[in-house]
Amino acid sequence: MNRSLLWVIAGVLLVGMPFVYGAPYPMHIIITILIWSFAYTSWSMMGRVGLVSLGHGGFMGVGAYATALLWNNLGLSPWLGIPVGLVCAALLALVVAWPCFRFRITGHYFALVTLALSGIVLQVITATRDLTGGSLGYTPNRVPGGSSFWAFQFTEKHTWYMIALIVWAAGLAIWYAVERSMLRYALEAISEDEDAAAAAGVNVTLEKLKITVLSAMMTAMAGALYCQYQMFVSPDTVSGISVSLQMVFAVVVGGLYVALGPTVGAVITILLGEGLRIGFGTSAVGWDNLIYGLLLVVFIIFLPKGILGSIMGAFRRAPAKAAA
Amino acid sequence: MLEVRGLTKRFGGFTAVNNVSFKVDEGEILGLIGPNGSGKSTIFNMLSGTLAPNGGSILFQGREIGGSAPHAIINSGVGRTFQIPRPFRRLSILENVVLAGFYGQGGGQGGHSRAAAETSAREALEMVGLPTNPSTRVDGLGAAGLKKLELAKAIATKPRLLLADESLGGLDEGEMDQAADMLRRIRAELGITIIWVEHIMGVLMRVVDRVMVLDHGEKIAEGLPTEVVRDPRVIEVYLGTDADAVHAVAEAARA
């Protein structure tokens with residue numbers, strides 16, 4: 001089986017899909033899945049090497065709000081505002097992560113510190129109501145006509161589909177680049193034994209900061225993209241603890257150690273959310289979180305590699321057995 | 001090559017290492033012995049940066065390294081092994097050594113190339129006699145194999161000075177001799193200076209040029225193996241408690 005041929009075929013199918021079938025509602029679902037897949041992929045780059053962050057909602061919020069605030073208040077195009085948002089997320093990541101890594105706050109304690117981070121970002125957005133609209137949410141000012149390249153606003157679903165597809169594919173490309181890099185070796189080593197990694201010459205703090213900043217910036221990108229697509233953000237949808245936990249859940253369910261695991265996780269979480277919304281309407285508000293929680297426990301115990309990870313593991317074993 | 005002056009480490013009110021000074025010359029193998037709790041490992045951990053000294057200085061090739069971060073010391077040319085092997089089980093054997101070859105020579109901070117790291121990793125694995133096959137996992141290795149992997153990781157960082165921490169614990173006699181030969185070859189073929197901490201006296205005495213004896217955190221003797229084993233203080237604190245060791249050293253001294 002030729003892997004690169006498979007990728008080309010998948011790419012052609014994905015790019016061509018909206019021209020064959022492009023009804024607005026399925027397109028909306030697919031765009032949402034792609035954006036969240038990218039966010040989950042960003043989280044998994046840290047999660048897979050034992051850096052379990054419960055604060056990624058914070059980075060997402062920074063990316064979304066920075067971009068929208070700069071546009072509304074200063075008229076700064078998202079083409080510039082998004083990079084500024086990414087830099088803000090990177091700085092926030094450094095401020096939170098450097099002391100953690102320097103003083104060896106790892107494992108559960110690191111997760112707790114990051115949990116506080118997502119809470120703090122949520123509180124800051126809510127408290128600065130005059131600027132951010134508080135818990136009512138925030139809307140980027142629309143350009144007349146609805147679509148503008150400069151304003152990064154598009155009414156056409158097809159355009160958004162292509163943007164989301166490119167960003168999602170870029171996320172996968174980054175995942176693979178890290179997978180093949182020495183950085184990944186170092187992070188795997190660090191996750192097992194920090195002292196032994198240091199004895200191999202690894203600057204433990206620096207290498208952990210590299211992946212944290214990369215992951216935070218990608219997550220902020222996802223937040224900015226989500227805001228520009230929805231043209232509305234509220235603190236609850238892009239920051240806060242529930243978003244952060246949703247990332248953990250989706251990645252664990254989809255598969256933490258495989259490139260497409262987070263994407264599978266996004267398909268499941270978003271279809272679950274939509275299914276509940278359509279099937280039960282407002283009476284099911286909050287059910288998705290309940291189901292996430294239950295499934296998370298079940299998956300961690302019975303299927304720790306996630307759905308895709310377990311399927312791929314089974315496929316890899318099968319030919320090996322046949323050969324033996 | 002290495003000059004240690006007045007090295008001191010305290011843990012609360014307990015002085016683990018008290019005012020220890022010694023020198024290691026280029027190309028030498030120095031043995032470091034002493035009963036349990038005599039401060040050998042503490043000295044090692046200060047030399048490799050895992051612990052910061054409370055006093056004294058450690059000059060390596062004329063530069064002060066005492067209190068530096070472990071990775072910085074490794075990058076300045078000091079390699080170390082751990083008493084209990086600490087392999088990275090999520091990586092293959094080759095990947096373990098490539099990691100050390102890359103980061104141990106300045107990789108990740110703008111230095112060094114991956115291709116060069118892979119070359120030094122393969123050389124290190126061939127030197128210790130482990131497979132260079134990219135997919136061989138660590139899980140198949142026994143005690144002797146894990147010790148070899150520790151050594152390969154340390155050699156791959158291209159050290160000038162190797163700190164070998166009790167490399168022979170848990171090996172049978174044939175494996176011990178092999179490992180002792182390995183240290184000799186590392187010195188002869190790679191020109192690496194070695195400090196060797198070891199419990200198993202007989203083998204150590206056959207390989208080292210000089211030996212230093214510690215007791216309760218203080219240096220009580222230093223010199224040629226044949227001299228040190230005749231030192232009454234050494235016999236009292238270390239050898240006197242272990243008849244096998246006395247016998248082994250006496251044999252070594254005759255040889």
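The values are calculated or read from the model by the stated rules, or taken from the named source; none is laboratory data. Small disclaimer: the values here were computed from a predicted structure and weren't measured. No Cβ is skipped: glycine too gets one built from the backbone with ideal geometry, and neighbour counts run over all protein chains shown. Each accessible area value is taken on the protein alone, full model and side chains, heavy atoms only, with ligands, DNA and RNA left out. Shrake-Rupley method; radii C 1.70, N 1.55, O 1.52, S 1.80 Å.
Which residue out of A:Ala199, A:Ala151, A:Ala164 is modelled with pLDDT under 95 and within 30 Å of A:His28 (Cβ to Cβ)?
A:Ala151
Looking at region B:179-223, what strands (runs of 3 or more DSSP E) fall wholly within it and have at least 1 residues that are of a type in the set (Ser, Thr, Tyr) and either touching a Phe, Trp or Tyr at 6+ places or on another chain (Cβ under 9 Å) or farther than 16 Å from B:Lys40 by Cα (or both)?
Numbers: elements: B:193-197, B:210-215, B:218-223.
Fully inside region B:179-223 and qualifying: B:193-197.
Just one of A:Gly57, A:Gly22, A:Gly50 is within 30 Å of A:Ala127 (Cβ to Cβ) and not acidic (Asp, Glu); which is it?
On the way: A:Gly22 fails: within 30 Å of A:Ala127 (Cβ to Cβ); A:Gly50 fails: within 30 Å of A:Ala127 (Cβ to Cβ).
None of the others qualify; the one that does is A:Gly57.
Which of the residues that make up region A:171-182 are open to solvent by less than 30 Å² (accessible area, probe 1.4 Å), more than 15 Å from A:Tyr40 (Cα to Cα) and under 20 Å from the mean Cα position of the chain (by Cα)? The one that is open to solvent by less than 30 Å² (accessible area, probe 1.4 Å), more than 15 Å from A:Tyr40 (Cα to Cα) and under 20 Å from the mean Cα position of the chain (by Cα): A:Val178.
In region B:50-64, the residue that is most open to solvent (accessible area, probe 1.4 Å) out of those that are aliphatic (A, V, I, L, M) and more than 14 Å from chain A (Cβ to nearest Cβ) is B:Leu59. Tallying residues that are in a loop (DSSP other than H, G, I, E, B), aromatic (Phe, Trp, Tyr) and within 14 Å of another protein chain (Cβ to nearest Cβ) within region A:136-189 yields 0.
Specify the residue that is farthest from B:Asn96 (Cα to Cα); the eligible residues are those in region B:144-154 that are in contact (Cβ under 8 Å) with a residue 40 or more places away in the chain and in contact with a Leu (Cβ under 9 Å, 6 or more places away or on another chain). Before you say what the answer is, go through the steps one by one.
Residues of region B:144-154 in contact (Cβ under 8 Å) with a residue 40 or more places away in the chain: B:146-147, B:149-154.
Of the ones still in play, those that are also in contact with a Leu (Cβ under 9 Å, 6 or more places away or on another chain) are B:147, B:149, B:151-154.
Numbers: B:Lys147: 13, B:Leu149: 8, B:Leu151: 11, B:Ala152: 9, B:Lys153: 7, B:Ala154: 11 Å.
Checking each candidate, the answer is B:Lys147.
Please tell me if B:Ile84 is among the β-branched types (Val, Ile, Thr) and in a loop (DSSP other than H, G, I, E, B). When the stated conditions are applied, B:Ile84 passes them.
Checking the conditions here, which among B:Gln83, B:Gln105 is polar (S, T, N, Q), within 13 Å of another protein chain (Cβ to nearest Cβ) and under 17 Å from A:Ala186 (Cα atoms)?
Details: B:Gln83 fails: under 17 Å from A:Ala186 (Cα atoms).
Sole residue among the options that is polar (S, T, N, Q), within 13 Å of another protein chain (Cβ to nearest Cβ) and under 17 Å from A:Ala186 (Cα atoms): B:Gln105.
Considering only region B:71-82, I want to know if a residue exists there that is without any contact (Cβ under 8 Å) to a residue 12 or more places away in the chain and either surrounded by fewer than 21 Cβ atoms within 10 Å (Cβ to Cβ) or not hydroxyl-bearing (Ser, Thr, Tyr) (or both).
Here is the first cut: in region B:71-82, the ones without any contact (Cβ under 8 Å) to a residue 12 or more places away in the chain are none.
There is no residue in region B:71-82 that is without any contact (Cβ under 8 Å) to a residue 12 or more places away in the chain and either surrounded by fewer than 21 Cβ atoms within 10 Å (Cβ to Cβ) or not hydroxyl-bearing (Ser, Thr, Tyr) (or both).
Could we say that B:Leu190 is among the aliphatic types (A, V, I, L, M), open to solvent by 10 Å² or more (accessible area, probe 1.4 Å) and under 26 Å from B:Phe102 (Cβ atoms) here? Here the answer is yes, as B:Leu190 does meet what is asked. Every test in (1) β-branched (Val, Ile, Thr); (2) buried (at least 24 other Cβ atoms within 10 Å of the Cβ); (3) within 11 Å of chain A (Cβ to nearest Cβ) is passed by B:Ile93 save one, and that test is (3). The conditions of being under 19 Å from the mean Cα position of the chain (by Cα) and surrounded by fewer than 18 Cβ atoms within 10 Å (Cβ to Cβ) are met by B:Glu26.
Residues considered: A:Thr205, A:Thr263, A:Thr212. Of these, the only one that is β-branched (Val, Ile, Thr), in contact with a Lys or Arg (Cβ under 7 Å, 6 or more places away or on another chain) and under 28 Å from B:Glu95 (Cβ atoms) is A:Thr205. Between A:Trp36, A:Trp7, the distinction of being of a type in the set (Phe, Trp, Tyr) and more than 16 Å from the chain's Cα centre (by Cα) belongs to A:Trp7 only.
Conditions tested, residue by residue: (1) touching a residue at least 24 places away in the same chain (Cβ under 8 Å); (2) at negative phi; (3) more than 14 Å from every other protein chain (Cβ to nearest Cβ).
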| position | (1), (2), (3) |
| --- | --- |
| A:Ser191 | yes, yes, no |
| A:Glu194 | yes, yes, no |
| A:Ala197 | no, yes, no |
| A:Leu206 | no, yes, no |
| A:Cys227 | yes, yes, yes |
| A:Phe232 | yes, yes, yes |
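Quick check: is even one residue across region B:149-166 closer than 21 Å to A:Val49 by Cβ and either open to solvent by 50 Å² or more (accessible area, probe 1.4 Å) or in contact with a strand residue (DSSP E or B) (Cβ under 9 Å, 6 or more places away or on another chain) (or both)? Among the residues of region B:149-166, at least one is closer than 21 Å to A:Val49 by Cβ and either open to solvent by 50 Å² or more (accessible area, probe 1.4 Å) or in contact with a strand residue (DSSP E or B) (Cβ under 9 Å, 6 or more places away or on another chain) (or both), which makes the answer yes.
Yes/no matrix, rows are residues, columns are (1) open to solvent by less than 60 Å² (accessible area, probe 1.4 Å); (2) of a type outside the set (D, E, K, R); (3) farther than 30 Å from A:Val20 by Cα:
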| position | (1), (2), (3) |
| --- | --- |
| A:Val124 | no, yes, yes |
| A:Asp130 | no, no, yes |
| A:Tyr138 | yes, yes, yes |
| A:Phe154 | yes, yes, no |
| A:Thr159 | yes, yes, no |
| A:Ala169 | yes, yes, no |
| A:Glu192 | no, no, yes |
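Do we find that B:Arg114 is in contact (Cβ under 8 Å) with a residue 40 or more places away in the chain, in contact with a helix residue (DSSP H, G or I) (Cβ under 8 Å, 6 or more places away or on another chain), facing chain A (nearest Cβ under 8 Å) and open to solvent by 40 Å² or more (accessible area, probe 1.4 Å) in this structure?
Working: in contact (Cβ under 8 Å) with a residue 40 or more places away in the chain: no; in contact with a helix residue (DSSP H, G or I) (Cβ under 8 Å, 6 or more places away or on another chain): yes; facing chain A (nearest Cβ under 8 Å): yes; open to solvent by 40 Å² or more (accessible area, probe 1.4 Å): yes.
When the stated conditions are applied, B:Arg114 does not pass them.
Residue by residue, here is whether (1) within 10 Å of A:Phe249 (Cα to Cα); (2) open to solvent by 60 Å² or more (accessible area, probe 1.4 Å); (3) touching a residue at least 60 places away in the same chain (Cβ under 8 Å); (4) part of a helix (DSSP H, G or I) holds:
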| residue | (1), (2), (3), (4) |
| --- | --- |
| A:Val267 | no, no, yes, yes |
| A:Leu272 | no, no, no, yes |
| A:Ile278 | no, yes, no, yes |
| A:Ser283 | no, yes, no, yes |
| A:Asp288 | no, no, no, yes |
| A:Tyr292 | yes, no, no, yes |
| A:Leu296 | yes, no, no, yes |
| A:Ile301 | no, yes, no, yes |
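Considering only region B:124-135, I want to know if a residue exists there that is at pLDDT 95 or above, at the interface with chain A (Cβ under 8 Å from one of its Cβ atoms) and either more than 24 Å from A:Leu183 (Cβ to Cβ) or not in a loop (DSSP other than H, G, I, E, B) (or both). No, region B:124-135 has no match at all.
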